[in-house]
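The block underneath contains the structure these notes are about, expressed in structure tokens.
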Amino acid sequence: MAEKFDKKKTAIKIAGKLDKKSDNKTSGKLVKKSDSKTSGKLVKKSNSKTSGKLDKKAANKTPAVITTDKLDKAEIKKIFNIFDYNGNGILSLAEIDKAVIQIYPYLAEDKPAIMRAYRAADTSQDGFIDFKEFGRLIDLLHYYNKLFQIFKKLDLDNDRRIDFGEFKKGHELIGINVGSNKELKAKFDEIDTNHGGYILFDEFCIYAAKIKLISEIPQDAKEVQETQETQENKKQ
Ligand SMILES: [Ca+2]
Ligand SMILES: [Ca+2]
Ligand SMILES: [Ca+2]
């Protein structure tokens, strides 16, 4: 019985997400009432519901875009098919936005992170994510989401850019430990590569990759950071 339970649990990792599509908010309630479901399902559902709630409130409790090392190919394919709303085998940005809202609702607000993951995952630079690129997309969504949580902590007034005042208050969050105001300003200017007076999320990401702010940086994220500008120019 225990073995069966475990298998269910992993299978449901995905299925739970799939269900969200149709059940969405009510699923938690439904599950509580209906006892026809397995206990595995009960556990998983109530878990994901709770963590979803937490995410919205306390952004620092970062969970679970499930990364691909925890998924097999069939599971990844399942998720891909959800993303691929029109079923043409490739994902547009619109399909990605839509799927993120359904599958990873706690990421839905984090547009800059989604955008960056989308651009970085599109290695063929054709504006679409195919199945070969999709694993990267999932991992990069996870990665940029984590970075964005940190970025948001620094961005006290929520205008999606970090001014020097905000940097001064929060610089320790990104491992900067300098004494004088002058040194701090020098550091700020170093990160603010376009010298616009603000650290933008893109600039923040480049710096974060440089100092390996998050240890489990996807292998190719660094190279990707550097090619993003080129990608941007190539697009019409
Ligand atoms: Ca599609
Ligand atoms: Ca592509
Ligand atoms: Ca700000």
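Where a number appears in this text, it was derived from the coordinates with a stated rule and is not lab data. Since the structure is predicted, the reported quantities are computational estimates derived from the model, not experimental observations. Using ideal geometry, Cβ is built from the backbone for each residue, glycine included, and neighbour counts are taken over all protein chains shown.
Residues E109, E190, ranked from the fewest to the most other C-beta atoms within 10 Å, line up as E190, E109.
By the beta-carbon count within 10 Å of each Cβ, the least crowded to most crowded order of S92, S180, S215, fewest first, is S215, S180, S92. Largest first and in whole Å, the equivalent-ellipsoid semi-axes of the stretch 156-219 read 18, 14, 11, each the square root of five times a Cα gyration tensor eigenvalue. Would you mind checking K73/K210; K111/K146; K78/K153 for any pair whose Cα atoms are more than 22 angstrom apart? Cα-Cα > 22 Å for K73/K210; K78/K153; rest within.
Among I214, I101, I150, a tally of other beta-carbon atoms within 10 Å of each Cβ gives an order, fewest to most, of I101, I214, I150. Under the criterion of Cα pairs below 8 Å and six or more residues apart, the relative contact order for the stretch 156-219 equals 35 percent. Each Cα pair under 8 Å and six or more residues apart adds its separation to the average, and for the stretch 64-173 the resulting relative contact order is 26 percent.
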